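Undergrad: Below: one structure in structure tokens.
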Amino acid sequence: MKRLVCVYGNHSDLYDRLNDRAKAYAAEKNVDYEWIPVEPFTKKAAIAALKDADAGIIDVQPYDGAIFSQIRDRCKLVIRYGVGFDAVNLADATENGIAVSRTTAANAEAVAEMAFTMIMAAKRQLALNRRVVSSGVWERNVGSEMLGKKVGILGFGNIGRRLAKLFSGWDCRIYAYDPYLSEDQCQAAGAEKADLDTIFRECDAVSVHLPYTKETHHVVNADRLALMKETAVLVCTARGNIVDEEALADALREHRILGAGLDVFAREPLPVDSPLIGLDNLILTPHVSAQTQEALWNMYSKAIDVAAAFFNGEDLGRDLLNPDVKKK
Ligand SMILES: NC(=O)c1ccc[n+]([C@@H]2O[C@H](COP(=O)([O-])OP(=O)(O)OC[C@H]3O[C@@H](n4cnc5c(N)ncnc54)[C@H](O)[C@@H]3O)[C@@H](O)[C@H]2O)c1
């Protein structure tokens, strides 16, 4: 039986339960599953956990050649528990003959619902209204609705498309920015393909669902924020460095846009001296968009499905992030 080791999670009732369930699910697929949480993360601890595994489920920490070169003798596959793989050095994995995968689409509903919630909350100024009530001031701040408005989605993948579907229930006009998709592909998912400037200039809500790469670094910057309407809101649940945080803090402080919601930050945990802290028109959450009971389990089951398919010699198709590894 092939051995799959999961290093994700921490010792708590929630993760104890999830890992018991994961072990049973893996056994049904003839996979020997073991949970070895690496907390706090160190490369040394990750190596110790993964070197005697045939495959590993890894967390959001940086995984590179320093780890891969030490586990390569036995470990031939690592699966990101999650979707973003910007912290995994794919070239190093390929060099060491290790395939990299992820839990594609397993948290799309959770993240899309979070983006939707943040947009609605920002439009109704919930952070400000909560603060005034808590401070004894009965001041009624007026919001606006999303019915029939324009929503701009940057990155039209699993999460972006799910968000489009949610807003279709509000009769919204959806604009999608995704150079890797054709006009027809966008239309089939209910959106019009649009460029960045059009989206920032025209939309009432802009939601970021891009992967973090060199190309997407600071896509949301001072120039683009300056194009937005005063009544518009910006939400990012993707990765921190896609948004220029200083520029966003300035735009919010000067009320050049109505509000924003951020779940991810350039540095996590968010430093307490960040210019983003203390703004009434900004909703902050600690990278919890995928943290729902449903998504947590979906990610375990998807990771185990991927490992079982790999062990059976099946082609992982688009779930394989470094196809060049096949040449090794
Ligand atoms: N906050 C969280 O907990 C959380 C959870 C899940 C995912 N995420 C982030 O959300 C991102 C999107 O997730 P997903 O499941 O929709 O991924 P996905 O791979 O399904 O979709 C990404 C989309 O972005 C497009 N894209 C790639 N490069 C682009 C570029 N330079 N410009 C424009 N579009 C580009 C792709 O064509 C694809 O359609 C992930 O990369 C991850 O970083 C965050």
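Undergrad: As an exercise, identify the GluC sites (Glu not before Pro) in segment 227-261 lying in DSSP coil whose Cβ has no more than 15 other Cβ atoms within 10 Å.
TA: Sites meeting the loop and neighbour criteria: GLU230, GLU254.
Undergrad: When VAL142, VAL220 are ordered from fewest to most other Cβ atoms inside 10 Å of their Cβ, what list results?
TA: Ascending Cβ contact count within 10 Å gives the list VAL142, VAL220.
Undergrad: Considering only C-alpha atoms, what is the centroid distance from segment 34-113 to segment 5-19, in Å?
TA: 16
Undergrad: For segment 228-278, count the residues as N, evaluate 2.2 N^0.38 Å, and divide the Cα radius of gyration by that value, please.
TA: 1.08
Undergrad: Report Rg (one decimal) and Dmax (nearest whole number) for the chain, counting Cα atoms only, units Å.
TA: 21.1, 66
Undergrad: Pop a pseudo-label 7 angstrom from the Cα along the beta-carbon direction at both GLU145 and PHE41 and give the gap in nm to one decimal.
TA: Those two pseudo-labels are separated by 4.4 nm.
Undergrad: Based on Cβ point charges of +1 for Lys and Arg and -1 for Asp and Glu, what charge dipole magnitude is obtained for the chain about its Cα centre, in debye rounded to the nearest 20?
TA: 360
Undergrad: How much FRET efficiency would the formula 1/(1 + (r/R0)^6) give for ARG201 and THR292, where r is the Cβ-Cβ distance and R0 is 56 Å, rounded to 0.05?
TA: E(calc), rounded to 0.05, equals 0.95.
Undergrad: Once the dipole of the chain is set up with Lys and Arg at +1 and Asp and Glu at -1 on Cβ about the Cα centre, which of PHE265, ILE159, LEU225 lies farthest towards its positive end?
TA: Result: ILE159.
Undergrad: Can you give me the relative contact order of segment 108-284 as a percent, contacts being Cα pairs under 8 Å and 6 or more apart?
TA: Across segment 108-284, relative contact order equals 22 percent.
Undergrad: Viscosity 1.002 mPa s, temperature 20 °C: Stokes-Einstein D of segment 199-328 from its Kirkwood Cα radius, in µm² per second?
TA: My calculation gives 127 µm²/s for D.
Undergrad: Quick check on the exposure proxy: order CYS6, CYS186 from fewest to most C-beta atoms within 10 angstrom.
TA: Final ranking by Cβ density, sparse to dense: CYS186, CYS6.
Undergrad: I've got another one for you. Run through segment 136-219 and list the GluC sites (Glu not before Pro) located in a DSSP loop whose Cβ has at most 15 other Cβ atoms within 10 Å.
TA: In loop regions of segment 136-219 (DSSP not H, G, I, E or B), the sparsely surrounded GluC sites (Glu not before Pro) are GLU139, GLU145, GLU215.
Undergrad: If each of ARG131 and ASP273 carries a label point 7 Å out from its Cα toward its Cβ, how far apart are those two points in nm?
TA: Roughly 2.1 nm, to one decimal.
Undergrad: Taking loop as defined by DSSP and a crowding limit of 15 other beta carbons within 10 Å, which chymotrypsin sites (Phe, Trp or Tyr not before Pro) in segment 135-214 fit?
TA: Answer by residue number: TRP138, TRP170, TYR180.
Undergrad: So which of LYS165/LYS229; LYS150/LYS302; LYS43/LYS165; LYS51/LYS327; LYS44/LYS327; LYS44/LYS214 end up more than 31 Å apart, counting from Cα to Cα?
TA: Check vs 31 Å cut-off fails for LYS150/LYS302; LYS43/LYS165.
Undergrad: For segment 193-247, what is the largest minus smallest coordinate of the Cα atoms on each principal axis, given in angstrom and ordered from greatest to least?
TA: On the principal axes, segment 193-247 reaches 28, 27, 18 Å in Cα extent.
Undergrad: Which residue fluctuates most in the GNM of the chain (Cα springs below 10 Å): SER182, SER135, SER144?
TA: Per the Cα network of the chain with a 10 Å cutoff, SER135 tops the list.
Undergrad: Pop out the Kirkwood hydrodynamic radius of segment 271-312 from its pairwise C-alpha distances, inverse of mean 1/r, in Å to one decimal.
TA: 13.4
Undergrad: How big is the Kirkwood radius of segment 13-148, worked out from every pair of different alpha carbons and given in Å to one decimal?
TA: One decimal place: 18.3 Å for the Kirkwood radius.
Undergrad: Next question, about the same structure. Given that compact globular proteins tend to follow 2.2 N^0.38 Å, what is the ratio of the alpha-carbon Rg of segment 108-284 to that value?
TA: Working it through for segment 108-284, the quotient is 0.98.
Undergrad: Expressed as cubic angstrom per residue, what is the convex hull volume of the alpha carbon set of segment 133-205?
TA: Enclosed volume per residue, from the Cα hull, is 117 Å³.
Quick note: the coordinates plus some simple rules give every number you see, no bench work behind them. Keep in mind that what you see is a predicted model, and the values were worked out from it rather than measured. Cβ: placed from backbone, ideal geometry, glycine included. Neighbour counts: every protein chain shown.
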